[in-house]
Amino acid sequence: MTSPRTDAQALPDRPTLLWGVSFTSLGVSLITWALLWVNAYVINDDLPNACHDLRRHSFPPEVACASMDGTLTGANAGWIEALFFASLVVSVMFMTMALIIVTLVRKR
C-alpha cells in the first residue's frame, strides 16, 4: 500500500507542460523571425536600388524605404514584430521556470 503524497511530493518529476509551452513559443518566435527575414531580404531585395532614404534594422530584420510624405514601404507589420518579441519572452520565462523546477526536484 502506498502512502498519500504530501505537498512537498506534489511537484511533478518533469514539468512537461512548462517545457511544451516553452518549446512551442520558441517555435513561434523562430517562424516569425523567418517571416521577418524573408520580408527584409527576399521580398524587399531590390528596395535599396530604388530608394533615397533606406532604413535597415538588424533585429528583427527589416529593410524599409521612407518616402518624402512619411510613408514606409517594405516595413514589417506591427503585429508580427509584437508576436516575435512576445513569443521570445514567453519562451525564456517558461524555460527558466521549468529549469528551476527541475533543479528543485533533483535537490530533494
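Here is how the numbers come out for the structure above:
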{"quantity": "Acute angle (nearest 10 degrees) that the helix 16-38 long axis makes with the longest principal axis of the chain, alpha-carbon atoms", "calculated": "10"}
{"quantity": "Nearest-0.05 FRET efficiency for VAL38 and THR71, computed from C-beta distance (R0 25 Å)", "calculated": "0.70"}
{"quantity": "Contact order normalised by residue count of the chain, Cα under 8 Å, 6+ apart, percent", "calculated": "35"}
{"quantity": "Total charge dipole magnitude, the chain, about the Cα centre, Cβ charges on Lys, Arg, Asp, Glu only, Debye to nearest 20", "calculated": "860"}
{"quantity": "Calculated FRET value between ALA50 and TRP79, using beta carbons and R₀ = 22 Å, to 0.05", "calculated": "0.25"}
{"quantity": "For the chain, alpha-carbon Rg relative to the globular expectation (2.2 N^0.38 Å, N residues)", "calculated": "1.69"}
{"quantity": "C-alpha long axis of helix 78-107 to longest principal axis of the chain, angle in °", "calculated": "20"}
{"quantity": "Surface per residue (accessible, 1.4 Å probe) for the chain, Å²", "calculated": "72"}
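The values are calculated or read from the model by the stated rules, or taken from the named source; none is laboratory data. Just so you know, these numbers come straight off a predicted model, no measurement behind them. Here Cβ is always computed from backbone atoms with ideal geometry, including for glycine, and neighbour counts include all displayed protein chains. Heavy atoms of the whole protein, side chains included, go into the accessibility calculation; ligands, DNA and RNA do not. Shrake-Rupley method; radii C 1.70, N 1.55, O 1.52, S 1.80 Å.
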